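For reference, the structure discussed in these notes is given below.
The values are calculated or read from the model by the stated rules, or taken from the named source; none is laboratory data. The structure displayed is predicted, hence computed values, not measured ones. Please note: Cβ atoms are built from the backbone with ideal geometry, for glycine as well, and neighbour counts cover all protein chains shown.
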Amino acid sequence: MIKMLSVKQVPRLAWSSPTPWNLRPRITTFFYLNLGLALFGLGESLLITSGAGVSPWTVLAQGIAGKIGWSIGFTTMIVSFIVLLLWIPLKQKPGMGTILNVFIIAFMIDFSLTLLPYPQTYIWQVTQAAIGVLVVGFASAIYLTSNLGAGPRDGLMTGLQAATGWPIAYIRIAIEVTVVAIGWYLGGVVGAGTLIFAFGVGPCVALGILFVKRFL
């Protein structure tokens, strides 16, 4: 547990790209990028279909949309662009993974929503939400180690980690809890799955990094 919480950076492994801005990555690098993003979308779908609550960033989008009158989808896009602007002072570099993040995750969510169960009892809803968070954490570790560019939120996490030197788990918890607090204050809906994601995804990413580093 202590080792998991002490993870401070995404490691460079055998398949990692030497730079995020790489338009001709090795096949193994490209494979791990797409594998991680596909699993990320599956984890998000597990959270959505659990019925136990949406992710903190969706809560934020709900809150902003309710105040301004925008759609949740459009609000999510605007929030993503704002987060990308925060990359500039953090000196984060985009790559093809930053772009593919949007398309692959969206496709996987739409595809898997029709295949996953929709539990009716509360205990199974919470269980499925927890599994979804675990999958998102491991998926993040897989695609981040490809070093082909992170998604907006993961890039914010790695950028803040580099700037502060804090462990990844604590950085991610701080981000997600802050986001869900603002979203809830603005009128977004918070469920048990939301809180599981907020407090659990950071440790799950760190655990995923340890797993990928050791076994893959």
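I need every pair where a residue in the stretch 15-35 that is under 20 Å from A139 (Cβ atoms) has its Cβ under 8 Å from the Cβ of a residue that is part of a loop (DSSP other than H, G, I, E, B) and basic (K, R), sequence separation at least 6 or different chains.
The qualifying pairs are W15/R26; S17/R26; P20/K93.
Can you name every residue in the stretch 66-92 that is free of Cβ contacts under 8 Å to residues at least 40 places away in the same chain and hydroxyl-bearing (S, T, Y)?
Result: S71, T75, T76.
Yes or no: the stretch 77-90 includes at least one residue that is more than 19 Å from M157 (Cβ to Cβ) and not basic (K, R).
Yes, there is a match, as at least one residue in the stretch 77-90 is more than 19 Å from M157 (Cβ to Cβ) and not basic (K, R).
Only one residue in V136, V190 is in contact with a helix residue (DSSP H, G or I) (Cβ under 8 Å, 6 or more places away or on another chain), in contact (Cβ under 8 Å) with a residue 12 or more places away in the chain and surrounded by fewer than 23 Cβ atoms within 10 Å (Cβ to Cβ). Which one?
Within the list V136, V190, the selection yields V190.
Among the residues of the stretch 53-77, which ones are among the hydrophobic types (A, V, I, L, M, F, W, C) and more than 19 Å from Y185 (Cα to Cα)?
Those that are among the hydrophobic types (A, V, I, L, M, F, W, C) and more than 19 Å from Y185 (Cα to Cα): F74, M77.
Looking at the stretch 107-166, which of the residues that are within 14 Å of the chain's Cα centre (by Cα) and charged (D, E, K, R) is nearest to I78 (Cα to Cα)?
R153
Looking only at residues in the stretch 177-216 that are at pLDDT below 95 and aromatic (F, W, Y), which one is nearest to L134 (Cα to Cα)?
Only one residue fits best here, namely F211.
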